[in-house]
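Okay, structure first, notes after.
The values are calculated or read from the model by the stated rules, or taken from the named source; none is laboratory data. Since the structure is predicted, the reported quantities are computational estimates derived from the model, not experimental observations. Here Cβ is always computed from backbone atoms with ideal geometry, including for glycine, and neighbour counts include all displayed protein chains. Accessible surface is based on the protein model in full, side chains and every heavy atom, while ligands, DNA and RNA are left aside. Shrake-Rupley method; radii C 1.70, N 1.55, O 1.52, S 1.80 Å.
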Amino acid sequence: HALREAISAYIDMPKGMILAGNGADELIDLILRVFVGPGDGVLNCPPTFGMYAFDGALQGGRVIEVPRGDDFSLDVEAIEAAVERERPKVLFLTSPNNPDGSLTPDETLLRLLRLPVVIVVDEAYAEFAGHSVIQWVRDYPNLIVLRTFSKWAGLAGLRVGYGAFPENIIQHLWKIKQPYNVNVAGAAAAIASLEDVAYLRANVAKIVAERERMAEELTRFDFLRPYPSRANFILCRVIGRNARELRDALEARGVLVRYFNKPGLTDCIRISVGRPEHTDRLVEALARV
Ligand SMILES: Cc1ncc(COP(=O)(O)O)c(C=O)c1O
């Protein structure tokens, strides 16, 4: 109750539209439990966060993939055609997208909201983007927006996420949610975070500034093509050398970056934005590998 009250003030949405979860992950699972039975379609746009396809398959859903383009933009026509053809129950959009950090343009979302499908916009990284569509949930009965304390507030291990849901959907989630899904420590940490939003926003601003500096630094290396990111990481295409080997070489120098052995990403590495000295260490290591 107190947590939902605090979230309501933070996002300026009525408490009755907010549900908290054991991480945004639990809410993804609950949404799929509400909407998807065996054989029902779940529309996913990879490369993206893995839990939509994972939880969709757990429900016995049919995961329909409409891949993103080389620049990670959505293929809007193909999504429209897939909704028409397959009649999926749910469409997941991640904005900013993990792993590249691109935002879904507002006009794209507006167009997709006309489709007969529930759209879940996962805004796990919204605070780093300075852009959110959470207010749109007031106006669209087929829109859900998910958020989390894991990234901007640094509480990933405490497991607190939340969503804004239209009235017609939230009532069904209440029926199936575990009564004590958010633990007391997590709720206390999230409420304390919201009592000191100015401090956390200042951290976010530092990370955003560092992201821009890091993006600039990365362009110096002709074997890296960084994608513009609105999140707290930068994805780079690795040109003319093996991405996995580059990851290993950086690791040997004490710099950990993410390599994904997944379609569309096998020639990429993703680098988290840290403090300026972390960027300096990264650049030093890149100059030597
Ligand atoms: C896009 C996206 N959504 C959701 C999550 C999970 O958030 P939580 O820790 O709140 O379960 C992540 C974490 O990596 C993510 O990248």
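With the structure loaded, tell me whether Gly39 is part of a loop (DSSP other than H, G, I, E, B) and under 17 Å from Val117 (Cα atoms) or whether it fails that test.
So Gly39 passes the test.
Among the residues of the range 44-64, which ones are of a type outside the set (Gly, Ala, Ser) and more than 16 Å from the ligand (Cβ to nearest atom)?
Gln59, Arg62, Val63, Ile64
Let me spell it out: the conditions are (1) under 23 Å from Phe233 (Cα atoms); (2) open to solvent by 50 Å² or more (accessible area, probe 1.4 Å), and Gly23 meets all of them except one. Which number is the exception?
Every listed condition holds for Gly23 apart from (2).
On the basis of being open to solvent by 50 Å² or more (accessible area, probe 1.4 Å) and within 19 Å of the chain's Cα centre (by Cα), does Asp29 make the cut?
Spelling it out, it is not the case that Asp29 is open to solvent by 50 Å² or more (accessible area, probe 1.4 Å) and within 19 Å of the chain's Cα centre (by Cα).
Per-residue answers, yes or no, for (1) touching a Ser or Thr at 6+ places or on another chain (Cβ under 9 Å); (2) buried (at least 18 other Cβ atoms within 10 Å of the Cβ); (3) acidic (Asp, Glu); (4) closer than 30 Å to Val90 by Cβ:
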| position | (1), (2), (3), (4) |
| --- | --- |
| Val145 | yes, yes, no, yes |
| Thr148 | no, yes, no, yes |
| Val160 | yes, yes, no, yes |
| Glu167 | no, no, yes, yes |
| Ser193 | no, yes, no, yes |
| Asn203 | no, no, no, no |
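How do the pairs read when you match residues in the range 270-289 that are within 23 Å of Asn98 (Cα to Cα) and in contact (Cβ under 8 Å) with a residue 12 or more places away in the chain with residues anywhere that are open to solvent by 40 Å² or more (accessible area, probe 1.4 Å) and not charged (D, E, K, R), using Cβ under 6 Å and keeping only pairs 6 or more apart or on different chains?
Val273/Ile207
Check off (1) in contact with a strand residue (DSSP E or B) (Cβ under 7 Å, 6 or more places away or on another chain); (2) open to solvent by 10 Å² or more (accessible area, probe 1.4 Å); (3) closer than 18 Å to Val204 by Cβ for Ala126 and give me the number that stays unchecked.
(2)
Please list, ordered by first then second residue, the pairs with beta carbon atoms under 9 Å, 6 or more apart or interchain, first in the range 66-95 and away from the ligand (no atom under 16 Å from the Cβ), second among the aromatic types (Phe, Trp, Tyr).
Asp71/Tyr227; Lys89/Phe35
Can you say whether Asp40 is more than 28 Å from Tyr227 (Cβ to Cβ), over 14 Å from the mean Cα position of the chain (by Cα) and not assigned by TED's automatic domain parsing to the domain that holds Phe260, as far as the supplied structure shows?
Considered against the rule, which asks whether it is more than 28 Å from Tyr227 (Cβ to Cβ), over 14 Å from the mean Cα position of the chain (by Cα) and not assigned by TED's automatic domain parsing to the domain that holds Phe260, Asp40 comes out as yes.
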